[in-house]
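Below you'll find the structure, written out as structure tokens, and then a few comments.
The values are calculated or read from the model by the stated rules, or taken from the named source; none is laboratory data. Please read all numbers here as calculations on a predicted model, not as lab measurements. Cβ atoms come from the backbone with ideal geometry, glycine included; neighbour counts cover every protein chain shown. These accessible areas exclude ligands, DNA and RNA; they are computed on the full protein's heavy atoms, side chains included. Shrake-Rupley method; radii C 1.70, N 1.55, O 1.52, S 1.80 Å.
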Amino acid sequence: MKLTHIATIAALALCTTAPAALAHHSFAAEFDVNKPIKLQGTVKRVQWINPHTWIYIDVKKPDGTTEEWGIEAGTPNTLFRLGFTRDAVPVGAVIIVDGYEARDGAKRANGRDMTLPDGRKLFMGSSVGNDAKNSQ
């Protein structure tokens with residue numbers, strides 16, 4: 001009976017933590033360190049969610065049309081410690097993001113640095129580092 005309870009508790013713990021483990025990914029699995037990108041766009045929305053904050057911007061293409069890009073940043077807690085606040089990146093602001101393109105060609109990037117309209121540059125808590133370098 002005791003063993004059944006322990007097995008049940010272990011199974012429940014595994015079920016509740018597995019989705020979170022699957023949701024988080026390595027930089028190298030999603031983004032390409034060999035594809036740096038610089039995007040300038042207007043902030044459409046910001047999602048302060050775990051495990052990563054997302055900033056969505058409308059980027060104007062040379063032909064005048066726009067496309068939405070999702071920029072992955074660090075965790076909300078990491079960004080707060082780096083100087084971000086919820087008001088630091090207002091909807092409608094034009095920002096410049098330096099980062100790395102998604103491997104699958106989607107309009108997503110992992111943000112490294114963001115330049116705000118007033119010229120301040122903020123590190124976005126990018127996960128590029130040993131993870132990406134070791135995948136080469």
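Things worth noting here:
- Approximate spin-label separation residue 115-residue 81, in nm, with each point projected 7 Å along Cα-to-Cβ: 2.8
- Cut-off 13 Å between beta-carbons: net charge of the residues surrounding residue 68, Lys and Arg +1, Asp and Glu -1: +4
- For the set 72, 67, solvent exposure ranked by accessible area (probe 1.4 Å, protein chains only) runs largest to smallest as 67, 72.
- Pairwise FRET efficiency - residue 63 versus residue 38, Cβ, R0 = 25 Å, nearest 0.05: 0.85
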